[in-house]
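Since the structure comes first, as structure tokens, the remarks are kept for the end.
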Amino acid sequence: MAEILVSGLLNVETSAKVRGFPINYYPIDYAFFGVNTAPGGVGFNLASALKRLGSTVTLCGLIADDFGGRYVSSELEKRGISADAVSCTLAETPSSVVLYDESGRRQVYCDLKDIQEWTYEFDPALVDRAEIIAATNINFSRPLLKLAKSAGKKVATDVHVLSDIEDGYNREFMDAADILFLSHEGIRGDRRAFIFALESRYKNEIIVLGMGAEGALMYLRDENRFIEMPAFRTDAAVNTVGAGDALFAAFLNFYGKGFAPVEALERAQMFAALKIRVSGAARGFSTEAEIEGALKNAKR
């Protein structure tokens, strides 16, 4: 079983159910049981998903000594995730607000506070111990990329919405990534051509394009081939926030445990499909046994 080091955002997330998009103005609405607050952020979501799936995970992140930071720390403890490598240095803990409607569509407002101005001192011993480095695209993860590559570790990252393969903010992450995840939402034009351009530029071993309800498209460099995998048909989505993180985390879990990329992605798709039945980016995670059981009767 591979040990996975996760470096990523930790925040406090408030989700609010709305009637639909666009939102019409009215001074107040009563969304009973539709407004909830919980710890979140990509780092929190990935660590929580990996822990639920049975992976060994180390979490690196930044919080503040405030209500939000203490809330995040207490929830990590409840989930059995060590906060030893979470540094309490920020002025305020980041926060986000997620609006979602009955179809599962969402709109996110993310307040990073001062996190993009801070650095993080990664312990080389943690890097040496890990087999996979999940370095999410937050500024403080940048030093981890060089540490991981110099240590010969497999690096995975998710750059989320990308429209330009030369994107200045994400270029360093894409260049270091052996495993690269991204969303289809920013791509205009042929998706396969976009992925092939990414591989030609950065030489990534595996590229996975999450396409929401359409499924996922994967490129394997060693085999020089694309694999398109339609989404599983499951119960109606409640909230799609965190679906991409779930897909990424589950893929790393199964790939790190020796599954072939196609097998890992199939299970990751089911993990994400089951997850979006629940509102909250770090809620609704299934176990490996639940995924295998769901796959037996799954339909695409």
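Only residues that are among the charged types (D, E, K, R) and surrounded by fewer than 16 Cβ atoms within 10 Å (Cβ to Cβ) were counted in segment 150-166, giving 2. Considering (1) among the β-branched types (V, I, T); (2) within 24 Å of Q269 (Cα to Cα); (3) surrounded by 16 or more Cβ atoms within 10 Å (Cβ to Cβ), the lone condition that V86 does not fulfil carries the number (2).
Within segment 167-201, the residues that satisfy the criterion of being closer than 20 Å to I227 by Cβ and among the polar types (S, T, N, Q) are S183, S200.
Residues of segment 189-204 that are of a type in the set (A, V, I, L, M, F, W, C) and in contact (Cβ under 8 Å) with a residue 24 or more places away in the chain: F194, I195, A197, L198. Checked against (1) open to solvent by 40 Å² or more (accessible area, probe 1.4 Å); (2) closer than 20 Å to A176 by Cα, A134 passes all but a single condition, namely (1).
Out of G242, G215, one residue alone is farther than 16 Å from E266 by Cα, under 19 Å from the mean Cα position of the chain (by Cα) and in contact (Cβ under 8 Å) with a residue 60 or more places away in the chain. It is G242. Checking each residue in segment 204-244 for being open to solvent by 20 Å² or more (accessible area, probe 1.4 Å), modelled with pLDDT of 95 or more and either within 15 Å of V161 (Cα to Cα) or among the aromatic types (F, W, Y) (or both) picks out only F226.
The values are calculated or read from the model by the stated rules, or taken from the named source; none is laboratory data. Note that the structure is predicted; figures quoted are calculated from it, not measured. Please note: Cβ atoms are built from the backbone with ideal geometry, for glycine as well, and neighbour counts cover all protein chains shown. These area figures cover heavy atoms from the full protein model, side chains too; ligands, DNA and RNA do not enter into them. Shrake-Rupley method; radii C 1.70, N 1.55, O 1.52, S 1.80 Å.
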